[in-house]
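Trainee: Submitted below is the structure of interest, expressed as structure tokens.
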Amino acid sequence: MPTRAIRGATVVAENTETAILSAARELLQEIARANALQADQLISIIFTFTRDLDAVYPTRAARELGWTGVALLDAQQPHVQGDLPRCLRVLVHCESARAVSEMKHIYLHAAKRLRPDLSE
């Protein structure tokens, strides 16, 4: 099965463990739902986050979803003046028979402004 990459982002309400993990779970679940992905199709998940989020590593949300066979990585984004605050971005690599053009990138809440071309 071909390898695909899916991007996504969301904004976290506050810098707490609960808020970060909730936002990360929501983003991952929406990516999986929109792209009809099962856990065994996931190859790797890379989260990046703005420096104002430091209460917990967001990849922990993937493990809490039971996604134990996927490689995970957390990385802090470089600070860019005027960047969206409390922003959590993700890159999911997966196996999928869907064409690249059929893959759905997911931008939630205020992060929709990062990719207005994908907003409905």
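Trainee: About the Cα centre of the chain, what is the dipole size in debye to 20, counting +1 per Lys and Arg Cβ and -1 per Asp and Glu Cβ, all else neutral? The partial results should precede the final answer.
Mentor: Details: 14 positive and 14 negative charges, 45 e Å.
Computed about the Cα centre, the dipole is about 220 debye.
Trainee: Run the quick spin-label model on Gln29 and Gln81: label points 7 Å from Cα toward the beta carbon, then report their separation in nm to one decimal.
Mentor: Between Gln29 and Gln81, the label points sit 4.0 nm apart.
Trainee: May I ask for the angle, rounded to the nearest 10°, between helix 17-34 and the longest principal axis of the chain, with both axes built from Cα atoms and the value confined to 0 to 90°?
Mentor: Result, in degrees: 30.
Trainee: Which order results if Met103, Met1 are arranged by neighbouring Cβ count within 10 Å, fewest first?
Mentor: Details: Met103 18, Met1 9.
The fewest-first ordering by Cβ neighbours comes to Met1, Met103.
Trainee: Would you kindly state how much longer the chain becomes between Ala71 and Thr16 on full extension, computed as 0.36 nm times their sequence separation minus their alpha carbon distance, in nm to one decimal? Don't skip to the answer; put the middle values down first.
Mentor: Working: separation 55, 0.36 × 55 = 19.80 nm, distance 2.41 nm.
Extending this stretch completely gives an extra 17.4 nm.
Trainee: So what is the 222 nm mean residue ellipticity for the chain from helices alone, if each DSSP H run of at least 4 adds -39500 (n - 2.57) and you divide by all residues, rounding to the nearest 500 deg cm²/dmol? It would help to have the intermediate numbers written out before the result.
Mentor: Values: 2 runs with 23 residues, N = 120.
Taking each H run of at least 4 residues, the total per residue is -6000 deg cm²/dmol.
No lab work stands behind these numbers, since they all come straight from the coordinates. Not measured: the values here are computed from a predicted model. Here Cβ is always computed from backbone atoms with ideal geometry, including for glycine, and neighbour counts include all displayed protein chains.
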